[in-house]
1. Can you give the percent of C-alpha pairs in chain B whose distance is more than 19 Å?
2. Under the rule a/c < 1.5 gives rounded, and otherwise a/b versus b/c splits prolate from oblate, where does the range A:133-258 land using the Cα gyration tensor?
3. If r is the Cβ-Cβ distance from B:THR80 to A:SER141 and R0 is 30 Å, what FRET efficiency results, to the nearest 0.05?
4. In nm², what is the average projected area of the convex hull enclosing the Cα atoms of the range A:14-72?
5. Give the residues of the range A:12-38 whose amide nitrogen is closer than 11 Å to a point set 7 Å from the Cα of B:GLU25 in the direction of its Cβ.
6. Just to check, using Stokes-Einstein with a Kirkwood Rh over alpha carbon pairs, what's the diffusion coefficient of the protein assembly as shown at 37 °C and 0.692 mPa s in µm²/s?
7. Using +1 on the beta carbon of Lys and Arg, -1 on that of Asp and Glu, and nothing else charged, what's the dipole of the range A:144-205 about the Cα centre, debye to 20?
8. Test of the criteria: in the range A:126-160, which trypsin sites (Lys or Arg not before Pro) are in a DSSP loop and have at most 13 other Cβ atoms within 10 angstrom of their Cβ?
Amino acid sequence: MDSRIRILVGTRKGTYVVAGDSRRRRWTVGPVAHEGSEIYHVVADPRRPGDLYAAVNSDFWGPMVQRSANWGKTWKEIATPLTPGGKDRKPEFNDSDPLSPVKRPLRNLWHIEPGPADEPETLYLGADPHLLFRTQDRGASWDPIDGINQHPKRGEWSPGAGGHCLHTILLDPRDARRMYIGMSAVGTFRTEDGGRSWTPRNKGVITPFLPEKYPETGQCVHHVAIDPADPDTFYRQDHAGMYVSHDRMDRWTRIGRPLGDDFGFCVASARAAPGRAFFVRLDGRARVTGEGHFQVHEWDDTRRRWRKLLRPDAFPGHFGVQREGIATDELDPPGIYVGTTTGQLFVSPNAGRTWQLVPFSFPGIHTVSVASPAAK
Amino acid sequence: MTAPSGARDSAGPSLEVHLDSWLREFGPRQREEVAADTVEHLLDTLESRYPRLKFKLRDETGRLRRYVRVFVDGEDVSGTTGVGTPLAGARTIDILHSIAGG
């Protein structure tokens, strides 16, 4: 079995699979696919080694889900879910009702999440406008999750700059009925019943851009990571700062204050780094690394303190990193991978102790994920 | 080449349809004969013959996608009469993608 580590890179212009050696030092770029399309997410299905899924958003032909069964050598379009009410091609579409996104056509696909290990045919898909779908046949068909797609308050939900995106899907590894989602600019929600009902979970997250500072919803969550060692703990990069929750998102505590400007888009955790989270802090106005160099900040949740993982002179420049722009692998020590909007791919094979650039200039990177062999 | 008829193929005049090279990934690789009385009818018929075309030319609301151009006898109707354009008397349809992107 081919057990090489692979970085899956989704860019403004296609999908790149980057294979590494066992030391995570040498990287080979290719195969490349979906040339010309915006790739918002590419993910490996850990239950079927070699299976990859891509959220392909074509400016010309619209959104589509594609699957590869051979590590990205070839891809095939599979079913793409439709907006509720759209199947008959004559939905109750209403131009004058911009706050009724359920009546809008399916726009971009944002995130594909493989389901639990004991449901090998199940995957989840998050899309714009604020839509969540589940397949139980590996993408041959998609069922809408009406608890979100028909949520009684969705008419109040606003978009972020990227649209009405449902971009974060997290599963509790202990209980398949418990899931979490993140939407811009709505916030985080939790279900305890497999998706039938959802409750907002944003307590403690400020909304400086709204008149009400701590509303139930309206937060512009950018991304959330679950702590693999403690699935009750979550790390959140919000438009309004960096947060942690230790109680399944019941309450959030801001941790980014010591950093000053704690804006950013991405956050990741790693199986071999329990109690730690990795953030790329950006200047809140320029939306690039504001210190004049590439930097990753590590949050130590046990000691409750921050640490910078790079020297200031390592990679000078102003780098943008988007919400899916950071990933970790399953190895020990964990690898950390960061893709930038200007096409650099940074790799640390040792939890941030040393860093290198993959020697290839990619198109602007939307998403980085890792297909990783398990730690030995 | 004429493919098997769709449900409403018998209605309207017979038209010669050309797709550009990008669209041939999803639809007919050569010119296609289609009988249709409107652009919407024509697209319905094409999609029934080539299911991968569905939602590539139009979104779920039935609107032409932003960068899809439909020419009826050389005239671009995408931004005017759109999918409701009648095809009585028309002979050729070109479906192209517009020059866009960067």
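The values are calculated or read from the model by the stated rules, or taken from the named source; none is laboratory data. Computed from a predicted structure; not experimentally measured. Glycine also receives a Cβ, built like all others from the backbone with ideal geometry; neighbour counts cover every protein chain displayed. Calculation scope for accessible area: heavy atoms of the full protein, side chains included, ligands and nucleic acids excluded. Shrake-Rupley method; radii C 1.70, N 1.55, O 1.52, S 1.80 Å.
1. Values: 1771 of 5151 pairs.
It works out to 34 percent of all Cα pairs.
2. Values: a/c = 1.91, a/b = 1.27, b/c = 1.51.
Oblate, since a/c reaches 1.5 and b/c is not below a/b.
3. On the way: r = 37 Å, r/R0 = 1.23.
The computed FRET efficiency comes out at 0.25.
4. Details: hull surface 17.4 nm².
Approximately 4.4 nm², given one-decimal rounding.
5. Correct set: A:14-15, A:33-38.
6. Numbers: Rh = 23.5 Å.
My calculation gives 140 µm²/s for D.
7. Working: 9 positive and 6 negative charges, 27 e Å.
Here the size comes out at about 140 debye.
8. Numbers: sites: A:ARG134, A:ARG138, A:LYS153, A:ARG154; in loops: A:ARG138, A:LYS153.
For trypsin sites (Lys or Arg not before Pro) across the range A:126-160 that sit outside H, G, I, E and B with at most 13 neighbouring Cβ atoms in 10 Å, the list reads A:LYS153.
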